[in-house]
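Have a look at the structure below, then the notes.
The values are calculated or read from the model by the stated rules, or taken from the named source; none is laboratory data. Because the structure is a prediction, the values reported are computed rather than measured. Cβ: placed from backbone, ideal geometry, glycine included. Neighbour counts: every protein chain shown.
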Amino acid sequence: MKLSDLDIIVTAPPAPGWGGRYWILVKLTTDTGITGWGECYAASVGPDAMKVVIRDVFDRHMAGESPENVELMFRRAYSAGFTQRPDLTVMGAFSGLEIACWDILGKDRDRPVWALLGGRVQERLRAYTYLYPLPHHDISEFWSSPDMAAETAAARVEDGYTAVKFDPAGPYTIMGGHQPSQFDVDLSVHMCAAIRNAVGSSADLLFGTHGQFTAAGAIRLGEAISAYDPLWFEEPVPPDDVEGLATVAASCLVPLATGERLTTLAEFSSVLRAAPATILQPALGRAGGLWQGRKISALAEAHGTQFAPHLYAGPVEWAANIHLATSCPNTLMIETIETSFHNALIGGSITVEQGHVRPPEGPGLGIEVDEDLARAHPFTGEMLHLEMQKSAHQYQHPSGFEGGAPSVKEANES
């Protein structure tokens, strides 16, 4: 059995677009007619350029190869161009293609992917969700409203979730890291207080940031929110500031989590050497795929550390996360995004029930992508999957950050 054909679909979730402006889905077919699905979580170039990279990676390193040889194909991509360096774009392309290989292997053997990764350790997986606006909320006001966040958190706990994530301390600027403004600190404290009051001890608070602070700024913010006992403080410093992460870890009472923007085992190893208690959050569509993800989880296990696969993408990467988490003894929880489009794209084959996900029993990833639906929602914009603010952080007024959503203007134009 050899890999023979590649198809790439860039699909745009309908407004408000939870999960990003577009998802890059890849479909591999073997010479025996078996198809496999993967998803590339890569956002540093536009989707048209990314499609060219995915095609090049496939043609150069994978076409004509057995889908079993994921380690060999990874070494080819990792070392391409005499580099042996983790390249975000190339690794993002390879990651989605690698996930599709595992889908093929599971279908060929009539077994779920988790069975090929070491078998089932977790009978069901604890899930968490971001706090997104409820239907009656004003989307532009939601991100800076502790009362709305608390109302949503209570609703999610009613749904069975035992952990909720929120990130009030924006914006994410190309000039990060920076010191938080007093507006950021105050809003973060008020948000934590309102949500903790709403959920009590029924749910963990996951305080999200995306590397926008200096180490000193992160310590300052961590001290301010520590009274509300968050389970983690996510990505407090930029992803390449490993020394800064260690400084924060040594001073902050709140456990740290990071990893959604790290690529390959070497980068995760550097984090654990600097801050061994940090919870790891690999994004499988960027970090090398399932086999590298299994290595990362084993590395975390050796350091006495848990991991929680990251998701801000579509349901194919989510399915891959579920299979990996199922096979790992040190899984803490998995991230989920529940929208009608996520559900429809995989025909409801995996669902969240009372805040937990049961691993699928079907072959491969246990999903089939609705190609017609995916193609019916092509991405036609010019922006990247996610964008950072171009201007520096301002201190004279609140930031007005809009969370992980496209702007209100984009949503209204959709």
Pairs with Cβ under 8 Å, 6+ apart, first in region 50-76 and free of Cβ contacts under 8 Å to residues at least 60 places away in the same chain, second polar (S, T, N, Q): MET50/THR89; VAL53/THR89
Subset of region 186-222 [more than 19 Å from GLY170 (Cβ to Cβ) and either in contact with a helix residue (DSSP H, G or I) (Cβ under 9 Å, 6 or more places away or on another chain) or at pLDDT below 95 (or both)]: ARG196, ASN197, ALA198, VAL199, GLY200, SER202, ALA203
Options ARG273, ARG261, ARG220: the member that is surrounded by fewer than 23 Cβ atoms within 10 Å (Cβ to Cβ), within 24 Å of VAL164 (Cβ to Cβ) and more than 22 Å from the chain's Cα centre (by Cα): ARG220
Among the candidates VAL52, VAL57, VAL113, residue that is surrounded by fewer than 15 Cβ atoms within 10 Å (Cβ to Cβ), β-branched (Val, Ile, Thr) and over 13 Å from MET1 (Cβ atoms): VAL52
Residue within region 217-234 that is out of contact with any strand residue (DSSP E or B) (no Cβ under 9 Å at 6 or more places or on another chain) and touching a residue at least 40 places away in the same chain (Cβ under 8 Å) present: no
Those residues of region 98-151 which are out of contact with any strand residue (DSSP E or B) (no Cβ under 9 Å at 6 or more places or on another chain), small (Gly, Ala, Ser) and within 24 Å of HIS310 (Cα to Cα), in sequence order: ALA115, GLY118, GLY119, SER144, ALA150
Within region 159-184, considering residues that are part of a loop (DSSP other than H, G, I, E, B) and charged (D, E, K, R), the one modelled with the lowest pLDDT: ASP167
Of residues in region 63-99 being in a helix (DSSP H, G or I) and small (Gly, Ala, Ser), the one farthest from LEU117 (Cα to Cα): GLY81
Unique residue being buried (at least 16 other Cβ atoms within 10 Å of the Cβ) and under 14 Å from the mean Cα position of the chain (by Cα) when the list is ILE346, ILE322, ILE350, ILE367: ILE322
